[in-house]
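Engineer: Input: one structure, supplied below.
The values are calculated or read from the model by the stated rules, or taken from the named source; none is laboratory data. All figures in this text were calculated on a predicted structure; none of them were measured in a lab. Don't worry about glycine lacking a Cβ; one is built from the backbone with ideal geometry, like all the others, and counts go over all protein chains shown. Surface areas here come from the heavy atoms of the whole protein model, side chains and all, with no ligands, DNA or RNA. Shrake-Rupley method; radii C 1.70, N 1.55, O 1.52, S 1.80 Å.
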Amino acid sequence: MNALLPESIPEALDMLARDPAAVPMAGGTDLLVHWPVRIEAHDRTYLDLSRLEDLKPLTWKADELVLGALTTYWDVIRDERVDREFPLLVQAARQVGAIQIQARGTWAGNVVNASPAADGVPALMAYDATVVLESRRGREEVPLDRFYSGYKEMRRRADQLVVAIRIPRRTYSFQIFEKVGSRRAQAIAKVGLAVTHSDAGWRVVAASVAPTIRRCLAVERLLETGARAGVSSSEDLSPAIAQDVAPIDDIRSSARYRNRAMARVLYHDLKDFWGPLLERRPRADPLP
Ligand SMILES: Cc1cc2nc3c(=O)[nH]c(=O)nc-3n(C[C@H](O)[C@H](O)[C@H](O)COP(=O)(O)OP(=O)(O)OC[C@H]3O[C@@H](n4cnc5c(N)ncnc54)[C@H](O)[C@@H]3O)c2cc1C
């Protein structure tokens, strides 16, 4: 194994420009998990980011929260302001692996690893996060919901490092994160769901039901007109869900189960939200 050990971001970008085949390494929790069986990975060059102090902090600005590329799940869990303003980030972080993984694993690593079953990505996407990329050729910002183009394919060139993830600060009236798995901890999601509602509208993000984590635009449109469209059971959500997701049968679950689980989980969370509003409003009123 060859390791490059940059001391600064410019030095790291130089190294990556010279050797775009070098693999950036943050917490290493994804990269090293298959190490014993992926012998071919042993000969690669790794760009160890661990000395880049500038990538570590989580920064609050007037209008956004910025996660550095080395911000870990644990950094987010222990910041009480994150729990107040972006509770889905904390809920997702608490369900990633166990405490050891939460302490090492980074949000940027979760984004670039691009697993369709990732837990961090749906929460970030439901908050309209933007991925900030840098290379010797300049800086680029890509909205996370446009970052993935296919299974493990993304808008990141080999010479680019993720340097930050920007999350706009908004007032939310609805926020849920759901992970349907075999158990509460140390499980890969069979279905993941992150949903928010703010002045910017509904965001419904699904995991483990398509080759990439994605926003469910048909469901979002349905929710914009929720009460008028007469959503009175989980089945009423199913046609829109079917437009948005394409689950597969695999070792963890069947496509049919995933579709139904997503509809039911979403419906029950919405019912809790809409229920009290329905009691206060005439039923024909539009709901948020
Ligand atoms: C036991 C175990 C349990 C796990 N449980 C979960 C779980 O419940 N939910 C979940 O979502 N994940 C889980 N994971 C996966 C993993 O922990 C997360 O995806 C984590 O966020 C990866 O972050 P990392 O810093 O360790 O990434 P790394 O392993 O260092 O890197 C992952 C990928 O991102 C790239 N990369 C990292 N940083 C950058 C950067 N700044 N710029 C460009 N590319 C970069 C690397 O080259 C690599 O391709 C688990 C892993 C293990 C080993």
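Engineer: Sort through ALA103, ALA108, ALA118 and tell me the only one that's more than 30 Å from ILE248 (Cα to Cα) and small (Gly, Ala, Ser).
Structural biologist: ALA103
Engineer: Now for a different question. Which one of the conditions (1) open to solvent by 10 Å² or more (accessible area, probe 1.4 Å); (2) in contact with a strand residue (DSSP E or B) (Cβ under 7 Å, 6 or more places away or on another chain); (3) within 14 Å of the ligand (Cβ to nearest atom) does GLY109 fail to meet, given that it meets all the rest?
Structural biologist: All conditions pass for GLY109, except number (2).
Engineer: Name, by its number, the condition in (1) within 10 Å of the ligand (Cβ to nearest atom); (2) surrounded by fewer than 12 Cβ atoms within 10 Å (Cβ to Cβ) that does not hold for TYR46.
Structural biologist: (2)
Engineer: Any residue in the range 34-41 that is within 11 Å of the ligand (Cβ to nearest atom), open to solvent by 30 Å² or more (accessible area, probe 1.4 Å) and among the acidic types (Asp, Glu)?
Structural biologist: No; the residues of the range 34-41 include none that is within 11 Å of the ligand (Cβ to nearest atom), open to solvent by 30 Å² or more (accessible area, probe 1.4 Å) and among the acidic types (Asp, Glu).
Engineer: A follow-up question, please. Suppose we filter the range 197-214 for residues that are closer than 19 Å to ARG169 by Cα, touching a residue at least 40 places away in the same chain (Cβ under 8 Å) and in contact with a strand residue (DSSP E or B) (Cβ under 6 Å, 6 or more places away or on another chain); how many remain?
Structural biologist: Within the range 197-214, residues that are closer than 19 Å to ARG169 by Cα, touching a residue at least 40 places away in the same chain (Cβ under 8 Å) and in contact with a strand residue (DSSP E or B) (Cβ under 6 Å, 6 or more places away or on another chain) number 4.
Engineer: Still on this structure, please answer the following. Against the conditions (1) open to solvent by 20 Å² or more (accessible area, probe 1.4 Å); (2) of a type in the set (A, V, I, L, M, F, W, C); (3) touching a strand residue (DSSP E or B) at 6+ places or on another chain (Cβ under 7 Å); (4) more than 9 Å from the ligand (Cβ to nearest atom), where does LEU88 fall short? Just the number, please.
Structural biologist: The single condition LEU88 does not satisfy is (1).
Engineer: Also: With (1) open to solvent by 70 Å² or more (accessible area, probe 1.4 Å); (2) under 24 Å from SER198 (Cβ atoms); (3) within 14 Å of the ligand (Cβ to nearest atom) as the list, and ASP63 as the residue in question, which single condition is left unmet?
Structural biologist: (3)
Engineer: While we're on this one: Here are the criteria: (1) within 12 Å of the ligand (Cβ to nearest atom); (2) over 17 Å from MET25 (Cβ atoms); (3) small (Gly, Ala, Ser). Tell me which single one SER115 does not satisfy.
Structural biologist: With (1) within 12 Å of the ligand (Cβ to nearest atom); (2) over 17 Å from MET25 (Cβ atoms); (3) small (Gly, Ala, Ser) applied to SER115, the lone miss is (2).
Engineer: Strands (runs of 3 or more DSSP E) wholly in the range 119-219 with at least 3 residues that are more than 18 Å from ARG260 (Cα to Cα), open to solvent by less than 60 Å² (accessible area, probe 1.4 Å) and within 13 Å of the ligand (Cβ to nearest atom) - which ones?
Structural biologist: 130-135, 161-168
Engineer: Also, quick follow-up: Pairs under 7 Å by beta carbon, first residue farther than 13 Å from LYS56 by Cα and assigned to a helix (DSSP H, G or I) in the range 97-117, partner near the ligand (Cβ under 7 Å from one of its atoms) and of a type in the set (Lys, Arg), six or more apart or different chains?
Structural biologist: VAL112/ARG156
Engineer: Now for a different question. Checking ASP30 against (1) more than 22 Å from ALA206 (Cα to Cα); (2) among the acidic types (Asp, Glu); (3) crowded, with 17+ Cβ neighbours inside 10 Å: exactly one of these is not met. Which one?
Structural biologist: Single failed check for ASP30: (1).
Engineer: With in contact with a strand residue (DSSP E or B) (Cβ under 7 Å, 6 or more places away or on another chain) and either within 11 Å of the ligand (Cβ to nearest atom) or not small (Gly, Ala, Ser) (or both) as the only criterion, which of ALA69, ALA93 stands out? Write out each step before concluding.
Structural biologist: Values: ALA93 fails: in contact with a strand residue (DSSP E or B) (Cβ under 7 Å, 6 or more places away or on another chain).
Going through ALA69, ALA93 in turn, just one is in contact with a strand residue (DSSP E or B) (Cβ under 7 Å, 6 or more places away or on another chain) and either within 11 Å of the ligand (Cβ to nearest atom) or not small (Gly, Ala, Ser) (or both): ALA69.
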